[in-house]
Each structure stands twice: as structure tokens, then as C-alpha cells.
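Q: Sharing a structure below in C-alpha cells format, with a few things to ask.
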């Protein structure tokens, strides 16, 4: 039989065991809670960073569109005010698009809207949510894939992490944004009319131009100096350099010399009225006095434009001044 001391020892051991068990349960429960809480925080940080990266991948196109549009307006303003065409359109675009400058000088319309301003805003936003953002733009390409649209390609190297080093993203990608040229001004008109007769790019959409002997649609094209696609003419981007080379994405308009004359500027009724030919006084065979086109329009075009302006079925003269 156990003695009294044995009973006391057993009771003590039982109490100690229970106490240890309670402590162990508390410890394990706390560790489990702590681990779950840590995991929850990690998941929350990872989700935040993932959302940040996804938002950036989508928003960069909006920012590119805004900076590109303003950059082109800035370049057109520069040509109009300086009286000089660009030597390299893409190089000039890259500078004003990213830095907001032309030849190192600030461009007013780019204030707060250059692409570097956008990157700074992205980094500041990241910092506010505990994210370290490092975005590097390695190159910017400007191209034209059709007569009415330009493409801006931005190659970005993105490194994102959080202050606690929970997770990080590192990747690089090309982001291509398309920009319609509608309502941008034609640099040729701005330069050659001293900015007194600016002409915005407005594609003509009412075809056919000539229906039988009805040339009213062609007359409307002429009167409004609207644009049509022409692979015999320079593209919109080429016009910033006053290039007269034909381009598969070329466009052209008919110069309204009456509007130019109203601004007390010299006009040349006998010149071909296709814009880049007229302004540069390029030699060309001529077609004039087209049937059912007002003589007051001074509609004179090159002989290789009969199909483009659909006048093959109309009477016209090749004996022009």
C-alpha cells in the first residue's frame, strides 16, 4: 500500500503534469495563431503587390497615350513657333515624351504629363503602400502601321518588392499603345502658313468621291481640306521632317488657297494643290478644270491621281498653266 508521502507525491506530479499540459496547449495555440497571422499578413502583402503589378500593366497604356498625344502636340507647336522642321522625328519624340523637353528646354504642355512624371507618380504610390518600386524604361519606339494610327512601344524593366522582403517581382516587357492621329495638326500647314492656317487631320469618310457625273462628295473633300490615304504621299510622321517621299501609310489633303489668301498670305493658283506638293512647289504633270468641280476651288492635281480622286469618268484638262 502507498503511504501518505506517496499520495502527496502522486498528487504533486499530477498537478505539475496538468500545469505543463496547459502551458503546452497555450504555447502551441499561440504559435499556431502567430503562424496563421504571419501567413495572413504575407498573403495580404503578396496580394497587394500582385494588384500593384497588374494595375501598372494596365495603366501604363493610358499614361503612354496621354504622354504621346501631348508630345506630338508639343512637337507641332515647336515647328510652328521655331520655323524649323525636325531632323529626326523619333528622336525628338523620345525626348519630349519621356523628359518633357525639346532640345533640353521644357515644353509647357508636358508639365506633369511626361512619362518620367508618370513613373515618379507610380513609385510614390507604391511607397505609400509599403512597396519599393524601381521601373526603368530601356527604350521607346515610335512607328506608324497604318495611315491613321501611330504606335508607341515602351520597353519597361520592373523590379518590385516590399519593405519586409516578403515577396518581389522582377520582369521586363514591351507595352505597345496605339494612338489615332485624328485632330492632331498637320505640321506642313503650320510651318508653311506661319501657323495662320492650321489644318487638323480629319479622314474623309464619304465615298465614292464621284458617282457618275455627281462630284459633290469630291467637292466637299476639297472644300474641307480633308485627308485621304495615299501611298504616293508622306505619312503623318514624315511630315514633321517635311519629307516628300511616298509611304505606304501616306496621307494627303487638297490645299484651299482661298483660306490661305484670307490670311494675307501669298497663294499660287497654278500649283498642284496636293498639300506636300503645293507647299514645296514640286514639279509635276497636271490635271485641271475638272468637270463639276468649282473653278474657284483651283483644283489642280498630278496626272497620276485620277484613280485616287475618282475623276476618270469626268472631263478634265491636261493643258494647265
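Bear in mind these aren't lab numbers, they're just calculated from the coordinates by the rules spelled out. None of the values given here were measured: they were computed from a predicted structure. Note that we place each Cβ from the backbone using ideal geometry, even for glycine, and neighbour counts take in every protein chain shown.
Q: Report for the chain the percent antiparallel among DSSP-assigned beta bridges with both residues inside it, nearest 5.
A: 95
Q: With axes computed from alpha carbons, what is the tilt in degrees of helix 89-99 against the longest principal axis of the chain, rounded to the nearest 10 within 0 to 90?
A: Computed tilt is about 40 degrees.
Q: Return one number: the angle in degrees, 0 to 90 and rounded to the nearest 10, between the long axis of the Cα atoms of helix 115-128 and the longest principal axis of the Cα atoms of the chain.
A: 20
Q: May I pose another question? Report, in whole Å, the centroid distance computed from the Cα atoms of region 223-273 and region 95-150.
A: 32
Q: I want the antiparallel fraction of DSSP beta bridges within region 187-305, as a percent rounded to 5.
A: 90
Q: Calculate how steeply helix 4-82 sits against the longest principal axis of the alpha-carbon atoms of the chain, using the helix alpha-carbon long axis, and give the answer as 0 to 90 degrees to the nearest 10.
A: Once rounded, one gets 10 degrees.
Q: Another one. Arranged by the count of other C-beta atoms within 10 angstrom, fewest first, what order do 288, 320 take?
A: 320, 288
Q: So, one more: Describe numerically, in nm with one decimal, the distance between label points set 7 Å from Cα along Cα→Cβ at residue 124 and at residue 105.
A: It works out to 2.8 nm between the two label points.
Q: If packing is taken as the mean number of other Cβ atoms within 10 Å per residue, what is the order of 307-316, 188-197, 134-143, 243-252, highest first?
A: Packing proxy ranking, top to bottom: 188-197, 243-252, 307-316, 134-143.
Q: Assuming R0 = 25 Å, can you tell me the calculated FRET efficiency for the pair residue 57 and residue 183, based on Cβ-Cβ distance, to the nearest 0.05?
A: For R0 = 25 Å, the calculated efficiency reads 0.30.
Q: In deg cm²/dmol and to the nearest 500, what is the mean residue ellipticity at 222 nm of the chain if only DSSP H runs of at least 4 residues count, each as -39500 (n - 2.57), divided by the residue total?
A: Counting only the DSSP helices, I get -14000 deg cm²/dmol.
Q: Here's another thing I want to ask about it. Using Cα pairs closer than 8 Å and at least 6 residues apart in sequence, work out the relative contact order for the chain, in percent.
A: 12
Q: Still on this model: Please compute the length gained on full extension between residue 85 and residue 220, using 0.36 nm multiplied by the number of residues separating them and subtracting their Cα-Cα distance.
A: In short, 45.6 nm is gained.
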